[in-house]
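A short worksheet on the structure shown next.
The values are calculated or read from the model by the stated rules, or taken from the named source; none is laboratory data. Computed from a predicted model, the values in this text were never measured in an experiment. Heads up, the Cβs are rebuilt from the backbone with ideal geometry, glycines too, and the neighbour counts pull from every protein chain shown.
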Amino acid sequence: MTGMTSSARPFLNRRLAEFGTTIFAEMSALAMSTGSINLGQGFPDTDGPEEIREAAVRALRDGRGNQYPPGPGVPELRTAIAAHQKRHYGLSYDPDIEVLVTAGATEAIAAALLALLEPGDEVIALEPYYDSYAASIAMAGGTRVPVTLRPEEGTHDGVAHRRFRLDLDELRDAVTERTRLLLINTPHNPTGTVLTRAELTEIARIAVERDLLVVTDEVYEHLVFDDAEHVPLAGLPGMRERTVTIGSAGKTFSFTGWKVGWVTGTAQLVTAVRSAKQFLTYVASGPFQYAVAEALRLPDAYFTAFREDMLAKRNLLSAGLADAGFGAFRPAGTYFVTTDIRPLGESDGAAFCRSLPERAGVVAIPNAVFYDHKEAGAPYVRFAFCKRTEVLMDAAERLRKAFAH
Ligand code: PMP
Ligand code: GLN
């Protein structure tokens, strides 16, 4: 409800008027009130490694981080972030001036856009886009220009393989004199698309040619499956000096409630982002920062096991959705699978998701909320598979009972 005084001017300013309650809050509330299995909001139903939880407890008990940590983040964590970028991608960042700790990736996105945009600047984002992008662009006074990922049929190892693809010509054509920034997300929420090295190389070429800044949200960097590879944009030619890279411990270590995220980039870019960040939260998550520093140094075995666990879950839920009659896309990354509900005789994903708790006792997210071109997203529905195996099996069985003939 938009409040008003007698002057009839709405309380909520017009930049934010189009944004109601985020779909994640709405759908998690629906799951609670109907007792449904929540495959909507993307959070794991088991916590990350015990030793990392213990590291947070130790930090709390030892009085590390209980008072305001330094604005850019505690040195232990900044050093660990820089070491992570070096170890996994060979990218070098100076922990003192090229790394910034944020209150989750959400704050990193907001701070980057608030820092880098002037009112009226255009931002190109891949549609469907994660919902905070649109709101953060709006808060910064920018104009979003969506480039739509299109469904494509194919095969992978002889298995039908539907996925969403970026049309690079469309991206190139979307750039105007007013374009300031490309907002990229790979692995991509909600489609599960992982941009290939060839696609990213072309994106980099466009950014260099048109002298654009790039903000790249790589929070699912460790969740890539099959033969997909995560390629950080910042490592491609000409990109280091124009790219702000964003990561999150919420996704990589299954502690979404800790809200520890980070930014890496050149000192100039990080200084700009910090200028906005310091007036949003100043700092956050004191003791958790120490624990995430330990998490980032976990051996490769952790990252491999995490990926393999999610891969098995992807396969389990995808098979269940196909059995129930959904058209399931094959996500190459993230912990989401996007489905097409038209094979079920349905076409309106929003109405479908509202009725799903009653029909099947399951909650999912209508992809249309991530689109400006609502009609392009209407028949798609996203399910999260970052849940315990028995929960996914139960959900698959409920969906099969409700929809398979
Ligand atoms: N970017 C993407 C693509 C996401 O899916 C999410 C949701 N986790 C975020 C950013 C926000 O991450 P955080 O919880 O660290 O704020
Ligand atoms: N990133 C999570 C998702 O896409 C949700 C984050 C949130 O609730 N804001 O489901």
Odd one out for Thr256, checked against (1) within 12 Å of ligand 1 (Cβ to nearest atom); (2) buried (at least 21 other Cβ atoms within 10 Å of the Cβ): (2)
Where the second residue is of a type in the set (Gly, Ala, Ser) and the first is farther than 18 Å from Trp258 by Cα and lies in region 292-318, which pairs have Cβ atoms under 8 Å and are six or more apart or on separate chains? Phe306/Ser254; Leu316/Ala396; Leu317/Ala395; Leu317/Ala396; Ser318/Ala328
From the set of residues in region 209-230 that are outside any loop (DSSP other than H, G, I, E, B) and out of contact with any Ser or Thr (no Cβ under 7 Å at 6 or more places or on another chain), which is nearest to ligand 1 (Cβ to nearest atom)? Asp217
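Restricted to region 32-43, and to residues that are more than 12 Å from ligand 2 (Cβ to nearest atom) and touching a residue at least 40 places away in the same chain (Cβ under 8 Å), which residue is nearest to Asp394 (Cα to Cα)? Step through it out loud before you land on a result.
First, pick out the residues of region 32-43 that are more than 12 Å from ligand 2 (Cβ to nearest atom): 32-37.
From the residues that got through so far, the ones that are touching a residue at least 40 places away in the same chain (Cβ under 8 Å) too are 34-37.
Values: Thr34: 16, Gly35: 13, Ser36: 11, Ile37: 8 Å.
If we take residues in region 32-43 being more than 12 Å from ligand 2 (Cβ to nearest atom) and touching a residue at least 40 places away in the same chain (Cβ under 8 Å), then Ile37 is nearest to Asp394 (Cα to Cα).
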Residue list for region 213-238, restricted to those being more than 11 Å from Gly333 (Cβ to Cβ) and in contact with a strand residue (DSSP E or B) (Cβ under 7 Å, 6 or more places away or on another chain): Leu213, Val214, Val215, Thr216, Asp217, Pro232, Leu233, Ala234
Within region 173-200, how many residues turn out to be over 21 Å from Leu117 (Cβ atoms) and more than 21 Å from the chain's Cα centre (by Cα)? 2
Picked from region 279-326 (must be within 21 Å of Val363 (Cα to Cα) and in contact with a strand residue (DSSP E or B) (Cβ under 8 Å, 6 or more places away or on another chain)), the residue surrounded by the fewest Cβ atoms within 10 Å (Cβ to Cβ) is Ala322
Where the second residue is among the hydrophobic types (A, V, I, L, M, F, W, C) and part of a strand (DSSP E or B) and the first is under 21 Å from Phe255 (Cα atoms) and lies in region 87-107, which pairs have Cβ atoms under 6 Å and are six or more apart or on separate chains? Leu100/Val263; Val101/Trp262; Ala105/Ile246
Which of the residues that make up region 15-24 are within 17 Å of Leu356 (Cβ to Cβ) and either touching a Gly at 6+ places or on another chain (Cβ under 6 Å) or surrounded by fewer than 19 Cβ atoms within 10 Å (Cβ to Cβ) (or both)? Phe24
Mind counting the residues in region 235-255 that are in contact with a Phe, Trp or Tyr (Cβ under 8 Å, 6 or more places away or on another chain) and either away from ligand 2 (no atom under 16 Å from the Cβ) or free of Cβ contacts under 8 Å to residues at least 24 places away in the same chain (or both)? 1
Residue that is modelled with the highest pLDDT [pool: residues in region 31-63 that are surrounded by fewer than 18 Cβ atoms within 10 Å (Cβ to Cβ) and touching a Pro at 6+ places or on another chain (Cβ under 6 Å)]: Leu60
For residues in region 256-284 being under 24 Å from Leu91 (Cβ atoms) and among the hydroxyl-bearing types (Ser, Thr, Tyr), which is nearest to ligand 2 (Cβ to nearest atom)? Thr264
Filter region 138-153 down to the residues that are without any contact (Cβ under 8 Å) to a residue 60 or more places away in the chain and closer than 21 Å to Tyr220 by Cβ, then identify the one that is farthest from ligand 1 (Cβ to nearest atom). Glu152
Residues that are under 19 Å from Val263 (Cβ atoms), buried (at least 22 other Cβ atoms within 10 Å of the Cβ) and small (Gly, Ala, Ser): does region 179-200 have at least one? no
Which of the residues that make up region 374-389 are out of contact with any strand residue (DSSP E or B) (no Cβ under 6 Å at 6 or more places or on another chain) and not hydrophobic (A, V, I, L, M, F, W, C)? Lys374, Glu375, Gly377, Lys387, Arg388, Thr389
